[in-house]
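Let me begin by presenting the structure, written as structure tokens, before commenting on it.
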Amino acid sequence: MIKEEMRIRSNLPIAQHIFEMKLEGNIPEEVNQPGQFLHMKTTNQVTPLLRRPISICSNDKDKGQLTVIYRSGGQGTKCISEKKIGDTIDVLGPLGNGFNIENVNRTDTVVLAGGGIGVPPLYGLGLELKKKGIHVVSVLGFSTASATFYHDKFAELGEVFYCTMDGTEGHKGTVTDVMRRENISFDQLFACGPVPMLKSLEDTFPDAKGALSLEERMGCGIGACFACVCHVQDDPTGKDYRKVCSNGPVFPWREVALR
Amino acid sequence: MIKEEMRIRSNLPIAQHIFEMKLEGNIPEEVNQPGQFLHMKTTNQVTPLLRRPISICSNDKDKGQLTVIYRSGGQGTKCISEKKIGDTIDVLGPLGNGFNIENVNRTDTVVLAGGGIGVPPLYGLGLELKKKGIHVVSVLGFSTASATFYHDKFAELGEVFYCTMDGTEGHKGTVTDVMRRENISFDQLFACGPVPMLKSLEDTFPDAKGALSLEERMGCGIGACFACVCHVQDDPTGKDYRKVCSNGPVFPWREVALR
Amino acid sequence: MILETKLPGLPMKNPIMPASGCFGFGEEFAKLYDLSQLGSIALKAATAEPRYGNETPRVAETPAGMLNAIGLQNPGVKDIIEKKLTWLEQYQVPLLANVAGSTMEDYENTAKQLADSGLVGAIELNISCPNVKEGGIAFGTDPDLAAELTSRVKKVSSIPVYVKLSPNVTSIVDLALAVEKAGADGLSMINTVTGMQINVNTGKPLLANKVGGLSGPAVKPIAIRMIYEVRQQTDLPIIGMGGIHSVEDVVEFLYAGANAVAIGTANFTNPFICPEIIQGLEQWAKEKKVANIHDVTRSEVVEQ
Amino acid sequence: MILETKLPGLPMKNPIMPASGCFGFGEEFAKLYDLSQLGSIALKAATAEPRYGNETPRVAETPAGMLNAIGLQNPGVKDIIEKKLTWLEQYQVPLLANVAGSTMEDYENTAKQLADSGLVGAIELNISCPNVKEGGIAFGTDPDLAAELTSRVKKVSSIPVYVKLSPNVTSIVDLALAVEKAGADGLSMINTVTGMQINVNTGKPLLANKVGGLSGPAVKPIAIRMIYEVRQQTDLPIIGMGGIHSVEDVVEFLYAGANAVAIGTANFTNPFICPEIIQGLEQWAKEKKVANIHDVTRSEVVEQ
Ligand SMILES: Cc1cc2nc3c(=O)[nH]c(=O)nc-3n(C[C@H](O)[C@H](O)[C@H](O)COP(=O)(O)OP(=O)(O)OC[C@H]3O[C@@H](n4cnc5c(N)ncnc54)[C@H](O)[C@@H]3O)c2cc1C
Ligand SMILES: Cc1cc2nc3c(=O)[nH]c(=O)nc-3n(C[C@H](O)[C@H](O)[C@H](O)COP(=O)(O)OP(=O)(O)OC[C@H]3O[C@@H](n4cnc5c(N)ncnc54)[C@H](O)[C@@H]3O)c2cc1C
Ligand SMILES: Cc1cc2nc3c(=O)[nH]c(=O)nc-3n(C[C@H](O)[C@H](O)[C@H](O)COP(=O)(O)O)c2cc1C
Ligand SMILES: Cc1cc2nc3c(=O)[nH]c(=O)nc-3n(C[C@H](O)[C@H](O)[C@H](O)COP(=O)(O)O)c2cc1C
Ligand code: FES
Ligand code: FES
């Protein structure tokens, strides 16, 4: 884990409220799994006070560059979206444990199930899987057509199913709906998106292998403050826990309680 | 008084910690006296919370441009100093009452006595006096040579005496020292600078005509909050007051108590 | 879409007013916009006699906030009525007259004169100003004294009386319930939080008065908590304040349990903030399809 | 130039320590820098039994501050001693063990075990955590209870006891004097200010626990004021905290009357803040030609 001022190489809107930012520095060298995240200070001021956790979308060790995709919504992400090429940004990373693909076999079919701003880390994961020659199917859900992004990039990974809540692009409905309707089968399922989506996937595919990536409000981002804990499934005492920032954000299916 | 986003035309260091900034907008049209000031929001965030009062150094109604000179010291002025050409800045102005030169006769000799960051508004005042054909002598005091600025500009107004506390430029000592030592006489004396300087001028020239410009910590800048009041001289009740922001910042000599 | 807000003595067009001490008597702002847009105006504190207040510096900036120790500078109640209130009458805005003092008699006299003037809609008892030495604070921290003061002022005042509560207490609920019992018609909360800044160059307090009152966004979470707590215990009208800078902030205060809000420090950052927020609130209600702004206040808060 | 700071039970190299709850038991930070640089470490609160704490969301961001309602999650005093303290021993940093509980017996037992372990330099009684329902707060707001708790813990503890004071009181001086009389060896101040944030999309409190503790730069003026007030009344060592983010902030706390300082929330913004501030303080003292950092604390504060 490094704290550094990363240089901004580009920072452009790619969909409604969605920005893609390319950053350069020493952190890319340290990234060891897709699904790890950065903790970003949005200004040099004491407001916004807290860092913002943003997943690494893709990483290029050789160039020392990485890409993040983020939604500009609240105060902090708005500050990030106003940064210009050549500016620097104070970044802590890489943080957390990402997607472990060591147990994915070369002959497996992997489904990447992404919802909204949960889609970006799946792209980096897909790149790694493809590098290993693994068959990748992406099922990507968005609220509406104007919120979608990275069509070409996901197309390069393999087959892609889109769905939107309002039906303006792809199937109308949720990621789970599409997977059921299209009878999409898989050996391993990797997912990132809002909790209701994850929950519905877990309920629908109770035996799925693979992993999911969780979000939780964070303080430190490094495991010290206990802001980001979640419960564990099958824990009669109710006292067991995982920290999303340092044990996760990626967990095997059915390890943590989704609520 | 207008509140507007002024466009930054330049923002460059001209001495140690001292910046000159040129701004464009509708405020210049409203300026009616040298010595009025702007109240500047330094960021779009809630920190720094308060606006910063900065005097108008010179004003060009025709071009819709004005110049300010400021010292980058604390948090807020640092934010201003980081702004780039083309950026905008939220400005309230023009505020307050400036130097009244209606009572200066064409044949008068006027001394402009400035100390440090009190020097800038005197330049705009000097321009107006010169326009009326009045004989201007400037006596400018700084801490040290590297903090001085606007040599050429003041030279264009007339004779200039410099002094520095450490003797690195001009006379060693204060503005009052220089005026005494050089026997500088005047019909009217206009001054802006730290209170000890103003006080020493007032003590040395107890009958001076003209005016001085005061500083005080401000809240609103428009006369509503009573943050910036000062006592009045010869006020037995102790209850009389002036607001620096709206009655001043320029006052005739001996109207307000200097402490 | 309804913004109208009827509080005791204050038939407001909308739930927005400038906060006491941050708007003078409106003269400066009247040059900037039409004051008749405002729901109400909380006037600068009136005392029986004219006051100069504290020495300067009277304000300091803090992270997302400011400290002030103005010390209740004002021309005295007589001048206020004669010069300020008669002038304000033209705007037809219901006025909330903030009253301060060092003795119960002071409060009674000042409040009575204001009420009898017929020019203000309600009295706001400032029992919580941290910036004056002579009493005032004790009234704001001791429930018994607060109650006694309230009932005495109620007796002499023909118009509704709001009590402005101090956040510098262990239990603001105790204070609220005490003044409610004593007959208060409404609550204003919160006044400023006592704070201090030290000048690191001199090692001494920056404000001449040493301590000052903290206001601005920094205190908003404290205000929201206190209003939420008090709202669980009483149905009295609450005028909420503390750090409001945006329409979202106003909505947060309404959800917490405020019936109307006052905007203080933000007037310094943006003198046009009050009319801008009134417009913005209208817009917000339209977008959220809220028919009556007071549906926001009441519906969500009752259950703990 | 001397930064050394000798407080009861805490022979510190410098006056800087991370604040309780913001640094865990140091494990995460030990990966980032050498903990032996620190003056001391205030450990995360220990309770008699393991606790899960509150549900999430446990933190919210506020203007220049944050709210937290962790709810004292910790593995229980036994595990803390066996796993955390024995591991921390390698750094040779004096430890300040924060203790919380819901009954006096809880506090006594936990404090005794920690003291008896021989692994910590002093106890910090957390009588002021606003984020747990079962008691704890009352100890922090009632001077008599605070005093009783202090003297009971003093009796069972072989090491010095600091009491961590709550800012959510009418008079923090009363609390300070009460625990001083009861035998406290030092004071920590301030704990967090109780606050709330409401999610304007749902109209409901954002934190699962509804209320949380406000920390960060926003509360600094409150902390400075309280330390300054308490310093007028007692010579007890004070560990000051609340919003420290820079060397200037540390100096401000020392001028206010603190003998050492703790840095909490700033560790989240910058995990390297503690060593950076230690270095910066050394630099500052050099520039200002301060021979002993404690000349700053004492000289300026005594006169009111
Ligand atoms: C491990 C992880 C990876 C993430 N990856 C991405 C990503 O790649 N792209 C992306 O757009 N978003 C991502 N998020 C969500 C992102 O962190 C939030 O959208 C962001 O923090 C909101 O900040 P704001 O300034 O827009 O909102 P504000 O409302 O100003 O935020 C206020 C506070 O709440 C926190 N917060 C608000 N929403 C969330 C949330 N959903 N999750 C966690 N904290 C939140 C903020 O961090 C901040 O502390 C990720 C979250 C986590 C935990
Ligand atoms: C009428 C008037 C005209 C001024 N003209 C100029 C000018 O032309 N050029 C220039 O460099 N400076 C000028 N000043 C001083 C300038 O306002 C302060 O230097 C500036 O506000 C300091 O801000 P900061 O962010 O650097 O300091 P910070 O320490 O961050 O300021 C903290 C707070 O203190 C206030 N403050 C600090 N010092 C002063 C001061 N000397 N006067 C008033 N408020 C202060 C700030 O406004 C802010 O509210 C003027 C002041 C006044 C009142
Ligand atoms: C400069 C200033 C002066 C104030 N004067 C008064 C006053 O005279 N009477 C009063 O009841 N409150 C006074 N207050 C408190 C405000 O009315 C308000 O309660 C407080 O500032 C919180 O709101 P805000 O954060 O929006 O400013 C004053 C506040 C400030 C900043
Ligand atoms: C996430 C978090 C957890 C905390 N946990 C504790 C705790 O367990 N015990 C305690 O005494 N104080 C706790 N505190 C309070 C801090 O120790 C400190 O008193 C307070 O945060 C003010 O300092 P700061 O503004 O530098 O954070 C906690 C604060 C935070 C932000
Ligand atoms: S964010 Fe601090 S432990 Fe996870
Ligand atoms: S700054 Fe508000 S009255 Fe002058």
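Below are the figures for this structure:
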{"quantity": "Cut-off 14 Å between beta-carbons: net charge of the residues surrounding D:LYS83, Lys and Arg +1, Asp and Glu -1", "calculated": "-1"}
{"quantity": "Formal net charge of residues neighbouring A:ILE80 (Cβ-Cβ distance under 15 Å; K, R +1; D, E -1)", "calculated": "+4"}
{"quantity": "Delta accessible area of at least 40 Å² on complex formation, residues of region A:14-61, 1.4 Å probe, chain isolated as reference", "calculated": "A:GLN45, A:VAL46, A:THR47, A:LEU49, A:LEU50"}
{"quantity": "Nm distances between copies for A:GLN75, ranked from closest, using label points 7 Å along Cα→Cβ", "calculated": "1.3"}
{"quantity": "Cβ charges +1 (Lys, Arg) and -1 (Asp, Glu), total dipole of the protein assembly as shown, debye", "calculated": "700 debye"}
{"quantity": "Relative contact order of region A:216-259, pairs being alpha-carbon contacts under 8 Å that are 6 or more residues apart, as %", "calculated": "35 percent"}
{"quantity": "Sequence ranges D:82-91, B:64-73, ranked by mean other-Cβ count within 10 angstrom, highest first", "calculated": "B:64-73, D:82-91"}
{"quantity": "Accessible solvent surface per residue of region D:47-155, calculated while the other protein chains remain in place, 1.4 angstrom probe, Å²", "calculated": "35 Å²"}
{"quantity": "Per residue accessible area in Å² of region B:216-259, where ligands, DNA and RNA are left out and the probe is 1.4 Å", "calculated": "38 Å²"}
{"quantity": "Highest average packing first - D:197-208, B:120-131, Cβ atoms within 10 Å", "calculated": "B:120-131, D:197-208"}
{"quantity": "Chain D - charge dipole about Cα centre, Lys and Arg +1 at Cβ, Asp and Glu -1, debye rounded to 20", "calculated": "280 debye"}
{"quantity": "Cross-link pairs beyond the 26 Å C-alpha cut-off, checked among A:LYS78/C:LYS13; D:LYS6/D:LYS164; C:LYS44/C:LYS154; C:LYS288/D:LYS210; B:LYS78/B:LYS172; B:LYS83/B:LYS199", "calculated": "A:LYS78/C:LYS13; B:LYS78/B:LYS172; B:LYS83/B:LYS199"}
{"quantity": "Set of aspartates and glutamates near D:LYS112 by C-alpha distance (under 18 Å), chain-local residues within fewer than 8 positions excluded", "calculated": "D:GLU49, D:ASP79, D:GLU82, D:GLU124, D:GLU148, D:ASP185"}
{"quantity": "Rounded FRET efficiency, nearest 0.05, which uses the C-beta distance separating B:GLU255 from B:ARG9 and R0 of 25 Å", "calculated": "0.10"}
{"quantity": "Heavy-atom accessible surface that D and A bury in contact, both chains counted, 1.4 Å, Å² to 100", "calculated": "2600 Å²"}
{"quantity": "Mean Cβ count within 10 Å, highest first, over the residues of peptides A:106-112, D:156-162, B:212-218, A:179-185", "calculated": "B:212-218, D:156-162, A:106-112, A:179-185"}
{"quantity": "Percentage relative contact order, chain D, counting C-alpha pairs under 8 Å, at least six apart", "calculated": "20 percent"}
{"quantity": "Other-copy label distances relative to D:GLN92, 7 angstrom Cα-Cβ extension, nm", "calculated": "8.1"}
{"quantity": "Surface accessible to a 1.4 Å probe, D:LEU72 within the full protein complex, Å²", "calculated": "20 Å²"}
{"quantity": "DSSP bridge orientation in the protein assembly as shown - percent antiparallel, rounded to nearest 5", "calculated": "50 percent"}
{"quantity": "Long-range amide H partners of B:GLY115 with built H, under 5 Å", "calculated": "B:GLY141, B:CYS192, B:GLY193"}
{"quantity": "Cβ neighbours within 10 Å from other chains - mean over C:261-273", "calculated": "4"}
{"quantity": "Average Cα contact separation per residue, region A:49-104, under 8 Å, 6 or more apart, as relative contact order %", "calculated": "20 percent"}
{"quantity": "At 7 Å out from Cα toward Cβ: A:ASN44 inter-copy label distances (nm, ascending)", "calculated": "1.8"}
{"quantity": "FRET efficiency estimate (nearest 0.05) - Cβ-Cβ, A:SER185 to B:THR237, R0 56 angstrom", "calculated": "0.05"}
{"quantity": "Straight-distance crosslink candidates among lysines, where the alpha carbon sits under 18 Å from A:LYS153 and sequence neighbours closer than 8 are dropped", "calculated": "A:LYS22, A:LYS130, A:LYS131, A:LYS132"}
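The values are calculated or read from the model by the stated rules, or taken from the named source; none is laboratory data. What you see is a predicted model, and the numbers here were worked out from it, not measured in a lab. Positions of Cβ are backbone-derived with ideal geometry, glycine not excepted, and every protein chain shown enters the neighbour counts. SASA here: full protein model, heavy atoms, side chains in, ligands and nucleic acids out. Shrake-Rupley method; radii C 1.70, N 1.55, O 1.52, S 1.80 Å.
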